[in-house]
Amino acid sequence: MRGRGIEVPILCVRVDPDFQWIRKVNMEQADTTWQCILKYERDATAQVESILALENFPSSASRDVLRDIILNLQLFYRVRTQAGQSLAKVYVTWLVQVYVTWLVQVYVTWLVQVYVTWLVQVYVTWLVQVYITWLVQVYVTWLVQVYVTWLVQVYITWLVQVYVTWLVQVYVTWLVQVYITWLVQVYVTWLVQVYVTWLVQVYVTWLVQVYVTWLVQVYVTWLFGTTSHPSIVRYSDFSDVASYLIQKDLHTSIAAVKRRVLDDECN
(Lines give C-alpha, C1' and ligand atoms only; values in the text may rest on other atoms or scores of the structure.)
Protein backbone atom coordinates (compact mmCIF):
# COMPACT_ATOMS: atom_id res chain seq x y z
CA MET A 1 0.00 0.00 0.00
CA ARG A 2 2.94 2.31 0.60
CA GLY A 3 3.94 1.89 -2.98
CA ARG A 4 0.58 3.34 -3.93
CA GLY A 5 0.99 6.33 -1.65
CA ILE A 6 -1.56 5.12 0.97
CA GLU A 7 -0.64 5.24 4.68
CA VAL A 8 -1.68 2.05 6.49
CA PRO A 9 -0.94 1.50 10.22
CA ILE A 10 -0.52 -2.27 9.68
CA LEU A 11 3.08 -3.53 9.74
CA CYS A 12 2.48 -7.06 8.51
CA VAL A 13 -0.23 -9.57 7.74
CA ARG A 14 -0.38 -13.28 8.42
CA VAL A 15 -2.90 -15.70 6.99
CA ASP A 16 -3.88 -18.84 8.94
CA PRO A 17 -1.20 -18.58 11.62
CA ASP A 18 -2.65 -21.64 13.44
CA PHE A 19 -2.58 -23.89 10.35
CA GLN A 20 -6.26 -24.60 10.40
CA TRP A 21 -6.69 -24.53 6.61
CA ILE A 22 -5.64 -27.56 4.71
CA ARG A 23 -4.15 -25.59 1.85
CA LYS A 24 -1.00 -23.79 0.80
CA VAL A 25 -1.02 -20.02 1.13
CA ASN A 26 1.29 -17.81 -0.95
CA MET A 27 1.51 -14.15 0.00
CA GLU A 28 3.32 -11.36 -1.71
CA GLN A 29 4.46 -8.53 0.53
CA ALA A 30 7.20 -5.96 0.53
CA ASP A 31 10.63 -6.77 1.91
CA THR A 32 10.07 -4.35 4.81
CA THR A 33 6.97 -6.34 5.80
CA TRP A 34 8.90 -9.59 5.84
CA GLN A 35 11.73 -7.94 7.74
CA CYS A 36 9.22 -6.67 10.31
CA ILE A 37 7.76 -10.18 10.75
CA LEU A 38 11.27 -11.62 11.15
CA LYS A 39 12.20 -9.05 13.78
CA TYR A 40 9.08 -8.83 15.88
CA GLU A 41 7.23 -12.11 15.41
CA ARG A 42 8.10 -14.78 18.00
CA ASP A 43 6.55 -17.62 16.06
CA ALA A 44 9.24 -19.82 14.52
CA THR A 45 7.01 -20.73 11.60
CA ALA A 46 6.44 -17.06 10.81
CA GLN A 47 10.16 -16.42 11.12
CA VAL A 48 10.97 -19.26 8.71
CA GLU A 49 8.35 -18.02 6.25
CA SER A 50 9.77 -14.49 6.38
CA ILE A 51 13.31 -15.86 5.95
CA LEU A 52 12.24 -17.85 2.87
CA ALA A 53 10.44 -14.78 1.50
CA LEU A 54 13.53 -12.59 1.99
CA GLU A 55 15.48 -14.81 -0.34
CA ASN A 56 13.75 -12.96 -3.17
CA PHE A 57 14.92 -9.56 -1.90
CA PRO A 58 18.75 -9.50 -2.00
CA SER A 59 19.03 -6.02 -0.56
CA SER A 60 21.42 -4.75 2.12
CA ALA A 61 18.57 -4.45 4.65
CA SER A 62 17.60 -8.09 4.05
CA ARG A 63 21.21 -9.16 4.49
CA ASP A 64 21.51 -7.19 7.73
CA VAL A 65 18.30 -8.70 9.16
CA LEU A 66 19.41 -12.23 8.29
CA ARG A 67 22.83 -11.59 9.80
CA ASP A 68 21.18 -10.39 13.03
CA ILE A 69 19.03 -13.53 13.14
CA ILE A 70 22.10 -15.72 12.80
CA LEU A 71 23.88 -13.89 15.59
CA ASN A 72 20.89 -13.99 17.94
CA LEU A 73 21.50 -17.02 20.16
CA GLN A 74 18.04 -16.85 21.77
CA LEU A 75 16.28 -17.92 18.63
CA PHE A 76 15.46 -21.45 17.57
CA TYR A 77 18.40 -23.11 15.86
CA ARG A 78 16.34 -24.18 12.91
CA VAL A 79 15.45 -20.55 12.32
CA ARG A 80 19.11 -19.54 12.54
CA THR A 81 20.10 -22.39 10.24
CA GLN A 82 17.51 -21.35 7.71
CA ALA A 83 18.67 -17.75 8.04
CA GLY A 84 22.24 -18.85 7.25
CA GLN A 85 21.12 -20.76 4.19
CA SER A 86 18.94 -17.89 3.02
CA LEU A 87 21.76 -15.41 3.68
CA ALA A 88 24.05 -17.48 1.49
CA LYS A 89 21.44 -17.49 -1.30
CA VAL A 90 20.87 -13.78 -0.85
CA TYR A 91 24.60 -13.15 -1.00
CA VAL A 92 24.95 -15.31 -4.06
CA THR A 93 22.02 -13.57 -5.71
CA TRP A 94 23.41 -10.19 -4.74
CA LEU A 95 26.86 -11.13 -5.95
CA VAL A 96 25.43 -12.49 -9.16
CA GLN A 97 23.42 -9.33 -9.66
CA VAL A 98 26.39 -7.13 -8.86
CA TYR A 99 28.80 -9.21 -10.93
CA VAL A 100 26.37 -9.57 -13.79
CA THR A 101 25.61 -5.88 -13.61
CA TRP A 102 29.31 -5.12 -13.53
CA LEU A 103 29.98 -7.57 -16.30
CA VAL A 104 27.12 -6.17 -18.32
CA GLN A 105 28.37 -2.65 -17.74
CA VAL A 106 31.93 -3.64 -18.58
CA TYR A 107 30.84 -5.69 -21.55
CA VAL A 108 28.48 -3.04 -22.76
CA THR A 109 31.15 -0.39 -22.25
CA TRP A 110 33.72 -2.53 -24.02
CA LEU A 111 31.25 -3.47 -26.70
CA VAL A 112 30.27 0.13 -27.17
CA GLN A 113 33.91 1.18 -27.31
CA VAL A 114 34.81 -1.64 -29.67
CA TYR A 115 31.74 -1.11 -31.77
CA VAL A 116 32.17 2.62 -31.81
CA THR A 117 35.87 2.20 -32.58
CA TRP A 118 35.04 -0.30 -35.29
CA LEU A 119 32.33 1.92 -36.66
CA VAL A 120 34.65 4.91 -36.56
CA GLN A 121 37.41 2.93 -38.27
CA VAL A 122 35.04 1.48 -40.85
CA TYR A 123 33.37 4.82 -41.44
CA VAL A 124 36.64 6.70 -41.54
CA THR A 125 38.14 4.04 -43.80
CA TRP A 126 35.08 4.18 -46.02
CA LEU A 127 35.15 7.94 -46.05
CA VAL A 128 38.85 7.95 -46.81
CA GLN A 129 38.39 5.41 -49.58
CA VAL A 130 35.42 7.24 -51.00
CA TYR A 131 37.19 10.59 -50.74
CA ILE A 132 40.41 9.23 -52.20
CA THR A 133 38.47 7.47 -54.95
CA TRP A 134 36.53 10.63 -55.68
CA LEU A 135 39.67 12.72 -55.52
CA VAL A 136 41.51 10.35 -57.81
CA GLN A 137 38.61 10.28 -60.25
CA VAL A 138 38.28 14.05 -60.20
CA TYR A 139 42.04 14.57 -60.51
CA VAL A 140 42.41 11.95 -63.21
CA THR A 141 39.43 13.38 -65.07
CA TRP A 142 40.89 16.86 -64.78
CA LEU A 143 44.30 15.66 -65.90
CA VAL A 144 42.78 13.77 -68.82
CA GLN A 145 40.74 16.80 -69.84
CA VAL A 146 43.72 19.13 -69.54
CA TYR A 147 46.05 16.72 -71.33
CA VAL A 148 43.55 15.94 -74.06
CA THR A 149 42.79 19.65 -74.49
CA TRP A 150 46.50 20.41 -74.65
CA LEU A 151 47.10 17.58 -77.10
CA VAL A 152 44.19 18.68 -79.26
CA GLN A 153 45.42 22.27 -79.26
CA VAL A 154 48.99 21.23 -80.01
CA TYR A 155 47.87 18.79 -82.69
CA ILE A 156 45.49 21.28 -84.28
CA THR A 157 48.16 24.00 -84.15
CA TRP A 158 50.73 21.66 -85.65
CA LEU A 159 48.25 20.44 -88.24
CA VAL A 160 47.28 23.98 -89.18
CA GLN A 161 50.93 25.02 -89.43
CA VAL A 162 51.85 21.98 -91.50
CA TYR A 163 48.78 22.30 -93.69
CA VAL A 164 49.23 26.04 -94.17
CA THR A 165 52.94 25.56 -94.88
CA TRP A 166 52.13 22.79 -97.33
CA LEU A 167 49.44 24.86 -99.00
CA VAL A 168 51.74 27.88 -99.22
CA GLN A 169 54.53 25.75 -100.65
CA VAL A 170 52.21 24.05 -103.12
CA TYR A 171 50.51 27.28 -104.10
CA VAL A 172 53.77 29.18 -104.40
CA THR A 173 55.32 26.32 -106.35
CA TRP A 174 52.30 26.17 -108.61
CA LEU A 175 52.29 29.93 -109.05
CA VAL A 176 56.03 29.95 -109.79
CA GLN A 177 55.66 27.10 -112.23
CA VAL A 178 52.67 28.70 -113.91
CA TYR A 179 54.30 32.11 -114.00
CA ILE A 180 57.61 30.75 -115.25
CA THR A 181 55.81 28.60 -117.82
CA TRP A 182 53.73 31.54 -118.94
CA LEU A 183 56.76 33.82 -118.96
CA VAL A 184 58.81 31.34 -120.90
CA GLN A 185 56.01 30.78 -123.37
CA VAL A 186 55.41 34.50 -123.81
CA TYR A 187 59.10 35.30 -124.02
CA VAL A 188 59.85 32.44 -126.37
CA THR A 189 56.84 33.31 -128.50
CA TRP A 190 57.91 36.92 -128.59
CA LEU A 191 61.50 35.98 -129.36
CA VAL A 192 60.40 33.58 -132.05
CA GLN A 193 58.08 36.13 -133.57
CA VAL A 194 60.72 38.87 -133.45
CA TYR A 195 63.47 36.60 -134.69
CA VAL A 196 61.33 35.06 -137.42
CA THR A 197 60.09 38.52 -138.47
CA TRP A 198 63.64 39.83 -138.55
CA LEU A 199 64.87 36.78 -140.44
CA VAL A 200 62.00 37.03 -142.90
CA GLN A 201 62.63 40.72 -143.41
CA VAL A 202 66.37 40.23 -143.80
CA TYR A 203 65.91 37.22 -146.05
CA VAL A 204 63.25 38.90 -148.17
CA THR A 205 65.34 42.07 -148.41
CA TRP A 206 68.40 40.14 -149.41
CA LEU A 207 66.44 38.02 -151.82
CA VAL A 208 64.80 41.04 -153.37
CA GLN A 209 68.13 42.82 -153.65
CA VAL A 210 69.76 39.81 -155.23
CA TYR A 211 66.81 39.17 -157.53
CA VAL A 212 66.43 42.81 -158.55
CA THR A 213 70.17 43.14 -159.08
CA TRP A 214 70.09 40.09 -161.26
CA LEU A 215 67.10 41.37 -163.17
CA VAL A 216 68.73 44.77 -163.65
CA GLN A 217 71.92 43.17 -164.80
CA VAL A 218 70.02 40.92 -167.14
CA TYR A 219 67.97 43.84 -168.46
CA VAL A 220 70.99 46.12 -168.84
CA THR A 221 72.91 43.36 -170.56
CA TRP A 222 70.00 42.82 -172.87
CA LEU A 223 69.78 46.54 -173.55
CA PHE A 224 73.49 46.87 -174.19
CA GLY A 225 73.48 43.80 -176.27
CA THR A 226 70.80 45.21 -178.67
CA THR A 227 72.38 48.68 -179.07
CA SER A 228 75.09 49.37 -181.71
CA HIS A 229 76.87 52.02 -179.75
CA PRO A 230 76.86 52.47 -175.99
CA SER A 231 76.51 56.25 -176.20
CA ILE A 232 73.11 55.92 -177.84
CA VAL A 233 71.77 54.68 -174.49
CA ARG A 234 70.76 57.74 -172.60
CA TYR A 235 70.13 58.51 -169.00
CA SER A 236 66.43 59.05 -169.73
CA ASP A 237 66.12 55.47 -170.81
CA PHE A 238 67.24 54.37 -167.44
CA SER A 239 64.86 56.78 -165.75
CA ASP A 240 61.97 54.61 -166.79
CA VAL A 241 63.70 51.62 -165.30
CA ALA A 242 64.42 53.59 -162.17
CA SER A 243 60.77 54.71 -161.92
CA TYR A 244 59.69 51.15 -162.18
CA LEU A 245 62.17 50.10 -159.52
CA ILE A 246 61.19 52.98 -157.26
CA GLN A 247 57.62 51.77 -157.38
CA LYS A 248 58.89 48.44 -156.12
CA ASP A 249 60.75 50.06 -153.13
CA LEU A 250 64.13 48.94 -154.41
CA HIS A 251 66.15 52.09 -153.83
CA THR A 252 69.43 50.26 -153.30
CA SER A 253 69.21 48.37 -156.55
CA ILE A 254 68.25 51.57 -158.46
CA ALA A 255 71.25 53.45 -157.06
CA ALA A 256 73.48 50.58 -158.15
CA VAL A 257 71.98 50.62 -161.61
CA LYS A 258 72.42 54.40 -161.91
CA ARG A 259 76.04 54.16 -160.87
CA ARG A 260 76.58 51.45 -163.44
CA VAL A 261 74.97 53.51 -166.21
CA LEU A 262 76.91 56.64 -165.27
CA ASP A 263 80.11 54.68 -165.30
CA ASP A 264 79.26 53.39 -168.72
CA GLU A 265 78.53 56.94 -170.07
CA CYS A 266 81.74 58.29 -168.65
CA ASN A 267 83.64 55.57 -170.39
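The values are calculated or read from the model by the stated rules, or taken from the named source; none is laboratory data. These numbers come from a predicted model, not from an experiment. Don't worry about glycine lacking a Cβ; one is built from the backbone with ideal geometry, like all the others, and counts go over all protein chains shown. Calculation scope for accessible area: heavy atoms of the full protein, side chains included, ligands and nucleic acids excluded. Shrake-Rupley method; radii C 1.70, N 1.55, O 1.52, S 1.80 Å.
Per-structure values
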item: Karplus-derived 3J(HN,Hα), 6.51/-1.76/1.60, for each residue of region 68-73, Hz, glycine and proline x; result: 5, 5, 5, 7, 7, 6
item: Largest-first ordering by accessible area, 1.4 Å probe, given options CYS36, CYS266; result: CYS266, CYS36
item: Å² per residue, accessible surface of region 171-211 at 1.4 Å; result: 91
item: Heavy atoms of PHE76 accessible to a 1.4 Å probe, total area in Å² rounded to 10; result: 110
item: Relative contact order %, region 52-121, counting alpha carbon pairs below 8 Å whose residues are six or more apart; result: 34
item: With all protein chains modelled, accessible area of TRP110 [1.4 Å, Å²]; result: 130
item: Percent carbon-and-sulfur accessible area, region 99-156, ignoring ligands, DNA and RNA, probe 1.4 Å; result: 77
item: Loop-resident sites, region 12-117, for GluC sites (Glu not before Pro), counting at most 12 other Cβ within 10 Å (DSSP); result: GLU28
item: Solvent-accessible surface (1.4 angstrom probe) belonging to THR173, in square angstrom, nearest 10; result: 70
item: Estimated FRET transfer efficiency when R0 is 51 angstrom, pair PHE76-VAL104 (beta carbons, to 0.05); result: 0.80
item: Accessible area in square angstrom per residue, region 19-165, 1.4 angstrom probe; result: 77
